[in-house]
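Asker: Please see the structure below; I have some questions.
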Amino acid sequence: PDKKIEFPPKSVEGPLLVQHHTTSLVFNVPPLHTRVRRLIAGALNPRAISGLEPSLIALVDRLLDVIEARGKADLIEDLASAIPVEVIGNLLAIPHQERGPLREWSLAILGALEPFLSEDVQSRGERAVSEFLDYLRRLVAERRKQPGDPNHDVLTRLIEGEAASGEKLSEIELLHNCIFILNAGHETTTNHICNGLELLLRFPEQRQRLI
């Protein structure tokens, strides 16, 4: 509390998990929260989001085709967790072949938010933040050399910031809020899809109304 943190922060001391949760949007108050939220919201504009719809419909169709062909499914592994990881991967334009570790990184980082933290859970969380940051540094460096279309590529938009005001995220804000976008969008969406499906299975009359 008696330490002065730079604004915007260029570095944050302490364990990587502390750095992440100190820097990401959800754990901050104004003015930092307001500034970062404005930049992220500007990147997640309606044009960028609507552009994801065709690929999302195709993804869900593919996942359901696989489930139908197999005749059974684990709804978390085979559907609910696959959807948000792919959507967020598309938002940040992460190459498909590099998305494998995303879910495990997210689960390890979120698992370290439990009120009673074992050394093993903390160690996995620290390792996940470290590996994710290493990956994002490379991805951001590549995107700086070859920017995408800022109207559709959220990572490019976050890197470039707001053209009108010239406001940008610092490097540490950029990296940790990319992790935040994955974590916030992945776990919550996975749980909502599963809860919705479970309720539709438990209340067939409601499922029939939906159909």
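Asker: Helices (runs of 4 or more DSSP H) wholly in the range 105-211 with at least 1 residues that are touching an Asp or Glu at 6+ places or on another chain (Cβ under 9 Å) and under 25 Å from residue 74 (Cβ atoms) - which ones? Let's see the steps before the verdict.
Answerer: Numbers: elements: 119-145, 154-160, 171-202, 204-210.
Qualifying helices (runs of 4 or more DSSP H): 119-145.
Asker: OK, next. Looking at (1) open to solvent by less than 50 Å² (accessible area, probe 1.4 Å); (2) under 28 Å from residue 15 (Cα atoms); (3) within 15 Å of the chain's Cα centre (by Cα), which is the only condition residue 153 fails?
Answerer: Single failed check for residue 153: (2).
Asker: With farther than 20 Å from residue 42 by Cα, modelled with pLDDT of 90 or more and open to solvent by 50 Å² or more (accessible area, probe 1.4 Å) as the only criterion, which of 137, 144 stands out?
Answerer: Working: 144 fails: farther than 20 Å from residue 42 by Cα.
Every option except 137 fails the conditions.
Asker: Looking at the range 193-200, can you tell me whether even one residue there is touching a Leu at 6+ places or on another chain (Cβ under 8 Å), open to solvent by 90 Å² or more (accessible area, probe 1.4 Å) and touching a residue at least 40 places away in the same chain (Cβ under 8 Å)?
Answerer: no
Asker: Can we say residue 12 is at pLDDT 80 or above, among the aliphatic types (A, V, I, L, M) and out of contact with any Leu (no Cβ under 7 Å at 6 or more places or on another chain)? Even if it seems obvious, please write down each step before you answer.
Answerer: On the way: at pLDDT 80 or above: no; among the aliphatic types (A, V, I, L, M): yes; out of contact with any Leu (no Cβ under 7 Å at 6 or more places or on another chain): yes.
Taking the combined requirement at face value, the residue does not satisfy it.
Asker: Residues being in a helix (DSSP H, G or I) and either surrounded by fewer than 15 Cβ atoms within 10 Å (Cβ to Cβ) or touching a Phe, Trp or Tyr at 6+ places or on another chain (Cβ under 8 Å) (or both): count how many of those fall in the range 68-102. Let's see the steps before the verdict.
Answerer: So in the range 68-102, the residues in a helix (DSSP H, G or I) come out as 68-70, 75-80, 82-91, 96-98, 102.
Subsequent filtering for residues that are either surrounded by fewer than 15 Cβ atoms within 10 Å (Cβ to Cβ) or touching a Phe, Trp or Tyr at 6+ places or on another chain (Cβ under 8 Å) (or both) retains 68-70, 76-77, 96-98.
Matching residues across the range 68-102 total 8.
Asker: On the basis of being open to solvent by less than 30 Å² (accessible area, probe 1.4 Å), of a type outside the set (A, V, I, L, M, F, W, C) and assigned to a helix (DSSP H, G or I), does residue 35 make the cut?
Answerer: yes
Asker: Can you tell me which residue within the range 103-129, out of those that are of a type in the set (S, T, N, Q) and surrounded by 15 or more Cβ atoms within 10 Å (Cβ to Cβ), is nearest to residue 86 (Cα to Cα)?
Answerer: Taking the range 103-129 and keeping what is of a type in the set (S, T, N, Q), we get 106, 118, 122-123.
Going one step further and asking which of them are surrounded by 15 or more Cβ atoms within 10 Å (Cβ to Cβ), we end up with 106, 122.
Values: 106: 13, 122: 26 Å.
It comes out as 106.
The values are calculated or read from the model by the stated rules, or taken from the named source; none is laboratory data. Small disclaimer: the values here were computed from a predicted structure and weren't measured. Every residue, glycine among them, receives a Cβ derived from its backbone with ideal geometry; neighbour counts consider all protein chains shown. For accessibility, only protein heavy atoms count, side chains too; no ligands or nucleic acids. Shrake-Rupley method; radii C 1.70, N 1.55, O 1.52, S 1.80 Å.
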